[in-house]
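Below you'll find the structure, written out as structure tokens, and then a few comments.
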Amino acid sequence: MTTPAGTVPGTPAAPAPVWGDLAGQQAAVEQLSRAAAAERPTHAWLFTGPPGSGRSNAARAFAQALQCEVADPAGRGCGTCHACLTVAAGTHPDVKVLATENVTYRIDEVRELIALAQDRPVGGRWRIFIMEDADRMTERATNVLLKAIEEPPERTLWMLCAPSPADVLVTIRSRCRQVGLRIPSVESVAQLLVERDGLDPELALFAARASQSHVGMARRLARDEGARSRREAVVHLPLRIRATSDAVAMAKELVEVTQAEAAASAEVRNAEERRNLLRSLGLGEDEKVPPKLRHHVKRLEDAQAARNKRSVHDTLDRAMIDLTGLFRDVLALQLGTEAPLVNEHLRDELASYARSASPERTVARIDAVATARRRLAGNVPPLLALEAMATSFLPDRILDRRPPDHP
């Protein structure tokens, strides 16, 4: 039996602590572990995979393994030394993570990174830059970054994250070593929630299924009863439609539910950021902000408003994914595929719904959800996009009476 390069014979290939959050990504973990053990790893990396696969987690874990203070020829990373802990906490001086809450990165954000990349490492072995959502770079920003990746300083590493290689310009893609992550299995996500977060196995399995193996969303569903309730409200909406008025009401309710979900997820974070800012300015939480310091608070509020707007869009898109999962369950029941259901807990209700509709109409409803997602991404007003989608959820007996050219 051959031993993978960079692995000590007799040691297990199971992920070490720094790789613990990468559920079902053994191939990627082995690739990155070998690179972390190398004397000179590739200077530019592109992490790709669908939402929830763990692109950013993989990049951070790789940074931990690279900076780890414990010598390990397998490059696994201990997860407990000072370097590993500070990388995980986002406080390591030589690991910079760039994320944007806006639609695209500002070019000055990229230029700032490039300027920092010229510095030598302060205490670690490498100067590492992780760019989340690299697909949000404009062409101008990409061209600015390209020069830095083409001629990197000696001990600088770049790690870009994007949904797929096609989402990054070919000039960048061709200069990066690619790491492809896949959607993990429901079982591996559930196991992660049980082992890492100490959650109840049954609840963890429900969350893993309902999130369609999105690790971050599964954790939120498992730990937040309010998030579970709001998701249940979303997936039950199509099952209640009996007339056009119901479809219009459903669209309105869906917008309200997703706005409530986005507000709930942002409320605690926004309040904490404000408290931290006031503390850094030497002010108490209830103390009036002097005029000369108000621009600091205004800048924070503007950034939070932009993030909240993006959060509403992302939450609404997540609701569309939940609806797609619902109709795929219906289609699986109609076709008798015996495929596992995303909404296993609703099997009886979905079976009844499946009997009242045709597979062709179910496919059309899946297409209608996909169309709504494209319209929302194109900044169509949410209520208009969702009303058009919801009318396709009308019972077959009503749709059958409509003229062929009816929208």
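The values are calculated or read from the model by the stated rules, or taken from the named source; none is laboratory data. Source: prediction; values computed, not measured. Heads up, the Cβs are rebuilt from the backbone with ideal geometry, glycines too, and the neighbour counts pull from every protein chain shown. Heavy atoms of the whole protein, side chains included, go into the accessibility calculation; ligands, DNA and RNA do not. Shrake-Rupley method; radii C 1.70, N 1.55, O 1.52, S 1.80 Å.
Inside region 182-231, can you point out the residues that are farther than 25 Å from LEU323 by Cβ and of a type in the set (A, V, I, L, M)?
LEU192, VAL194, LEU199
Return yes or no: is SER33 hydroxyl-bearing (Ser, Thr, Tyr) and either farther than 20 Å from ARG182 by Cβ or at pLDDT 90 or above (or both)?
In short, yes.
Take the residues in region 149-165 that are open to solvent by less than 10 Å² (accessible area, probe 1.4 Å) and either of a type in the set (Ser, Thr, Tyr) or under 21 Å from ARG40 (Cβ atoms) (or both), then tell me which one is nearest to the chain's Cα centre (by Cα).
LEU160
When the residues of region 214-241 are filtered to those that are of a type in the set (Gly, Ala, Ser) and open to solvent by less than 10 Å² (accessible area, probe 1.4 Å), which remaining residue is nearest to the chain's Cα centre (by Cα)?
If we take residues in region 214-241 being of a type in the set (Gly, Ala, Ser) and open to solvent by less than 10 Å² (accessible area, probe 1.4 Å), then ALA218 is nearest to the chain's Cα centre (by Cα).
Which of the residues belonging to region 98-126 are within 21 Å of the chain's Cα centre (by Cα) and either touching a residue at least 40 places away in the same chain (Cβ under 8 Å) or in a loop (DSSP other than H, G, I, E, B) (or both)?
Once the filter is applied, which keeps residues that are within 21 Å of the chain's Cα centre (by Cα) and either touching a residue at least 40 places away in the same chain (Cβ under 8 Å) or in a loop (DSSP other than H, G, I, E, B) (or both), region 98-126 yields ALA99, THR100, GLU101, ASN102, VAL103, THR104, TYR105, ARG106.
Going through THR371, THR337, THR315 one at a time, which residue ends up being more than 24 Å from the chain's Cα centre (by Cα) and hydroxyl-bearing (Ser, Thr, Tyr)?
Numbers: THR371 fails: more than 24 Å from the chain's Cα centre (by Cα); THR315 fails: more than 24 Å from the chain's Cα centre (by Cα).
Step by step, each of THR371, THR337, THR315 is checked, and only THR337 is more than 24 Å from the chain's Cα centre (by Cα) and hydroxyl-bearing (Ser, Thr, Tyr).
Residue by residue, here is whether (1) of a type outside the set (A, V, I, L, M, F, W, C); (2) free of Cβ contacts under 8 Å to residues at least 12 places away in the same chain holds:
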residue	(1), (2)
GLY226	yes, no
LEU237	no, no
ALA251	no, no
GLU267	yes, yes
SER280	yes, yes
LYS292	yes, yes
VAL297	no, no
LEU300	no, no
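Checking the conditions here, which among ASP72, ASP94 is at pLDDT below 85, open to solvent by less than 60 Å² (accessible area, probe 1.4 Å) and more than 27 Å from ASP314 (Cβ to Cβ)?
Step by step, each of ASP72, ASP94 is checked, and only ASP72 is at pLDDT below 85, open to solvent by less than 60 Å² (accessible area, probe 1.4 Å) and more than 27 Å from ASP314 (Cβ to Cβ).
Being farther than 17 Å from ALA99 by Cα and open to solvent by 30 Å² or more (accessible area, probe 1.4 Å) is the filter here, so list the residues in region 125-138 that pass it.
Once the filter is applied, which keeps residues that are farther than 17 Å from ALA99 by Cα and open to solvent by 30 Å² or more (accessible area, probe 1.4 Å), region 125-138 yields only ARG125.
Any idea which residue in region 13-55 is least open to solvent (accessible area, probe 1.4 Å), counting only those that are charged (D, E, K, R), within 21 Å of ARG196 (Cβ to Cβ) and in contact (Cβ under 8 Å) with a residue 40 or more places away in the chain?
ARG55
Which one of these is modelled with pLDDT of 85 or more and open to solvent by 40 Å² or more (accessible area, probe 1.4 Å): ALA88, ALA61, ALA99?
ALA88
Out of THR171, THR156, I need the residue that is touching a Lys or Arg at 6+ places or on another chain (Cβ under 7 Å), under 26 Å from TRP126 (Cα atoms) and of a type in the set (Ser, Thr, Tyr). Which one?
THR156
Criterion first (within 30 Å of PRO50 (Cβ to Cβ), of a type in the set (Lys, Arg) and surrounded by 12 or more Cβ atoms within 10 Å (Cβ to Cβ)) does ARG307 satisfy it?
Judged against the criteria, ARG307 is a match.
For region 166-179, which residues satisfy the criterion of being open to solvent by 40 Å² or more (accessible area, probe 1.4 Å) and touching a helix residue (DSSP H, G or I) at 6+ places or on another chain (Cβ under 7 Å)?
Of everything in region 166-179, those that are open to solvent by 40 Å² or more (accessible area, probe 1.4 Å) and touching a helix residue (DSSP H, G or I) at 6+ places or on another chain (Cβ under 7 Å) turn out to be ASP167, LEU169, THR171, ARG173, ARG175, GLN178.
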